[in-house]
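Asks: Got a structure here, written out as structure tokens. Questions coming.
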Protein chains: 2
Amino acid sequence: MSTRKTSSASRVVTIGDVARAAQVSTTTVSKVINGLPRVGAETRQRVLEVVAELGYQVNPTARNLRAGRTDAIGLLVPELDRPYFGQLATRLANALEPTGRQLVVQRSGVSRADELAAASFARLRMYDGVIISVVGLNPSDLEQLNFQTPVVLVGERPLPRTFDHVMMDNVEGAATATAHLLERGSRRIVMLGGRDGTTEQDMPTLRTLGYYKAHARLGVPLDARLVAAVLPMDMATGYAAVRSLVDAGVTFDGIVAVTDVVAIGALRALADLGIRVPAEVQVVGFDNIDETEFSTPRLTTIDPGNEQIAGTVLQFLETRMAEHSAGLPRTSSKPTAEVTIPARLVIRESTRRA
Amino acid sequence: MSTRKTSSASRVVTIGDVARAAQVSTTTVSKVINGLPRVGAETRQRVLEVVAELGYQVNPTARNLRAGRTDAIGLLVPELDRPYFGQLATRLANALEPTGRQLVVQRSGVSRADELAAASFARLRMYDGVIISVVGLNPSDLEQLNFQTPVVLVGERPLPRTFDHVMMDNVEGAATATAHLLERGSRRIVMLGGRDGTTEQDMPTLRTLGYYKAHARLGVPLDARLVAAVLPMDMATGYAAVRSLVDAGVTFDGIVAVTDVVAIGALRALADLGIRVPAEVQVVGFDNIDETEFSTPRLTTIDPGNEQIAGTVLQFLETRMAEHSAGLPRTSSKPTAEVTIPARLVIRESTRRA
DNA sequence: TTGAAAGCGCTAACAC
DNA sequence: GTGTTAGCGCTTTCAA
């Protein structure tokens, strides 16, 4: 028995309503709607008229349930307003467009209540494939995810090896950035947004590790006071952190920022303090977001291989989706792939010439 | 007869599988999953065990079809990598969070093939409510949209009055920005990203209109060469447009940029050209994105009332959704609301002190 | 406390 | 060329 609220007015018009009004079966209407053959020309005509008249539109939920497909790919990002993720989403959406699939973006929301997070994860099953940015995501959440849907992870390194994973080379990238400053003469380099001593393999920790490595390789001593936390990692906190450092009397002649966004906050702080970049302090970011070409000065940064990341993610996902639709279980297929994309230094104006 | 590919291996586990394994009915499993009462403690226990063992997860598509709800709100934006939309999305997602609904973002993709655009629109019916940013959207597309789902429009002014609509005050905002430069001494002001002579009421045209208005009010003459097109509207094109202007020998002492992003490109170009801001050229943007506080110099801009826009959009949407779920037809309810949020000048460093 | 059964709106075998 | 019918996976009366 139906539970539908048959309440008075305007029900949404269904394929059945169209069929009735056009005096044909729902099958025929379905064929017309989907442009399938085997329908008489004038029947098609009549159906089309009724569709227009009644303003019928197909119910995508019902269609999806029936078809077992949605032709949509989900992207889960920690925040919707971070340039890096917007730019990643755009790359993915562009690449997906020719395949006729839609990219749909959701926020995982680091701060979310468990209940909501769960609901948000459950929704992901609606997509034919899912791309998850693991930044700030709890690895154990991920582990208990137990997905039927094809999934590719993108970002740093989580513990479980249950999914295909495209990683940035956080450690070597940060080491390259740090070495660049060291080679150009900096000796007291701030790790802005650095994280320390945790066993967690999250992004700030890994990048901090690269910072240490570069110092070790070049035999430059470290000062623990130069590792400054920045939370959340945005422009305002990057700005504030630099000011605190200066207020606290910490001296430095270089900054490795954990992300470009944090670096841009830092640049602004240095300008306010009348500290010249790169003459007095060199600054390097990480991510190579578009904004780095337009800051003053233009920001030297690490390109984690953005184009290649997007391409590889999609390639992995295609493979998994093909397996999936062939009815193969996840486990039967080849073991999960894990690729690290090489990072590349992009020298602009915030560091000195050699 | 089922069409499912009963192919060899791992089918996705359904509620029926759980029921069978736990020796109960699907009804009971459903109740357990949804935490409903009227289930024996040990039955519940057993079901839960089976759920865990089989790794069952509910199929949200099926649930949605049955429930007639998705608990998700769709947001359609022209691009995923524009700060303004990322920041709008974040505001909306934050406000939605307490209501237990998820925001889901899709790109309308101005450049998209019709077919894809249609599919993208069809998908919107999956949401309980839809927020559409009409920037760059064809009004006729919108008109033939014929939506059953509650919709609120946000942005500039389209022709059809078929939906609730929250508008920025593009004209007065741009007039305020322009007047500000005029009052601070600029006399030859570039309208960067301006659009002219069209009958279209799109965002660039409306903002250009405001630019004209301010000149008229203050009795300052116009020069057609100062209205410079910028397409697409991003940092790179803003940058290029300023350089072209200078290369073409056009002189100017102020810039009203159609968006903050374009203004940031302009700032970079001026820096490269050795033109001092605000001493030689004053610059004002539009949107009040977060980045304006961190550019060098900080950007004076127009705040279109971002917080209020998000709040009003959601308020309209709630109302429509309530009507909708009460079974009322769109037409029976009060006429569509149309609100213009007042714009506000935010003075920073890219314009001179009075 | 539990289950049988209907049906959300759609599509695809299959028969005619 | 057209219709009959089953059923995608789930929730919800209603009866037991």
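Asks: Going 7 Å from Cα along the Cα-Cβ axis for the label, what nanometre distances separate A:Gly100 from the same residue across the other copies?
Replies: 3.8
Asks: Which residue, A:Arg217, A:Arg82, A:Arg344, has the most motion in a Gaussian network model of chain A that connects Cα atoms within less than 10 Å?
Replies: A:Arg217
Asks: What distance in nm lies between label points placed 7 Å from Cα along the C-beta direction at A:Ala240 and B:Gln315?
Replies: 3.0
Asks: For the protein assembly as shown, what is the accessible area per residue in Å² when the probe is 1.4 Å?
Replies: 43
Asks: Nothing charged except the Cβ atoms of Lys and Arg (+1) and of Asp and Glu (-1): what's the magnitude of the dipole of the range B:15-143 about its Cα centre? Round to the nearest 20 debye.
Replies: In total the dipole reaches around 440 debye.
Asks: Carbon and sulfur together cover what percent of the accessible area of the range A:170-303 at a 1.4 Å probe radius?
Replies: Carbon with sulfur: 55 percent of the solvent-accessible area.
Asks: Using unit Cβ charges (K, R positive; D, E negative) and no other charged atoms, how large, in debye to the nearest 20, is the dipole of chain B about its Cα centre?
Replies: 840
Asks: For B:Thr27, which inter-copy label distances result when the label point lies 7 Å beyond Cα on the Cα-to-Cβ vector, reported in nm to one decimal and in ascending order?
Replies: For B:Thr27, the other copies' label points sit at 3.4 nm, shortest first.
Asks: Related question: Given the options A:Ala241, A:Ala119, A:Ala89, which has the most mean-square fluctuation in a GNM of chain A, springs set between C-alpha atoms less than 10 angstrom apart?
Replies: A:Ala119
Asks: Under 5 Å between amide hydrogens, which residues at least 5 positions from A:Val190 or on another chain qualify, with H placed 1.01 Å from N in the peptide plane?
Replies: Amide H neighbours of A:Val190, under 5 Å, 5+ apart: A:Asp253, A:Gly254, A:Ile255, A:Val256.
Asks: Here is a follow-up. For chain B, with a Gaussian network of springs between Cα atoms less than 10 Å apart, report the residue from B:Arg11, B:Arg276, B:Arg91 with the top mean-square fluctuation.
Replies: B:Arg11
Asks: Using helices alone, I'd like the mean residue ellipticity at 222 nm for the protein assembly as shown: each DSSP H run of four-plus residues gives -39500 (n - 2.57), total over residue count, nearest 500.
Replies: Result for the protein assembly as shown, helices only: -12500 deg cm²/dmol.
Asks: For B:Arg276 and B:Leu222, FRET efficiency with R0 = 41 Å and r from the beta-carbon atoms, rounded to 0.05?
Replies: So, using R0 = 41 Å, E works out to roughly 0.95.
Asks: What is the dipole size for the protein assembly as shown, taken about its Cα centre, with +1 at each Lys and Arg Cβ and -1 at each Asp and Glu Cβ, in debye to the nearest 20?
Replies: Dipole size: approximately 1560 debye.
Asks: Still on this structure, please answer the following. Ballpark to the nearest 100 Å², how much total accessible area do A and B bury together, probe 1.4 Å?
Replies: 5900
Asks: Evaluate the distance, in nm, between pseudo-label points positioned 7 Å from the Cα of A:Ser325 and of B:Ser25 along their respective Cα→Cβ axes.
Replies: For A:Ser325 paired with B:Ser25, the spin-label model returns 3.8 nm.
Asks: How far apart, in nm, are the 7 Å Cα→Cβ label points at A:Ile347 and A:Ala248?
Replies: In this crude label model, A:Ile347 to A:Ala248 measures out at 3.2 nm.
Asks: Now a separate question. With a Förster radius of 30 Å, plug the Cβ-Cβ distance of A:Glu49 and B:Arg161 into 1/(1 + (r/R0)^6) and report the FRET value to the nearest 0.05.
Replies: 0.65
Asks: For B:Glu307 and B:Arg11 in the same chain, what is the full-extension length gain: residue separation times 0.36 nm, less their Cα-Cα distance, in nm?
Replies: 101.9 nm
Asks: Could you give each residue of the range B:45-61 its phi-based ³J(HN,Hα) in whole Hz, using Karplus coefficients 6.51, -1.76, 1.60 with θ = phi - 60°, and x for Gly or Pro?
Replies: Running phi through 6.51 cos²θ - 1.76 cosθ + 1.60 with θ = phi - 60° gives 4, 4, 4, 4, 4, 4, 4, 5, 4, 7, x, 5, 9, 5, 8, x, 4 Hz.
Asks: Further question: From the label point of A:Gln308, set 7 Å from Cα along Cα→Cβ, how far away are the matching label points in the other copies, in nm, ordered shortest to longest?
Replies: 5.0
The values are calculated or read from the model by the stated rules, or taken from the named source; none is laboratory data. No experiment lies behind these values; they were computed from the predicted model shown. Using ideal geometry, Cβ is built from the backbone for each residue, glycine included, and neighbour counts are taken over all protein chains shown. These accessible areas exclude ligands, DNA and RNA; they are computed on the full protein's heavy atoms, side chains included. Shrake-Rupley method; radii C 1.70, N 1.55, O 1.52, S 1.80 Å.
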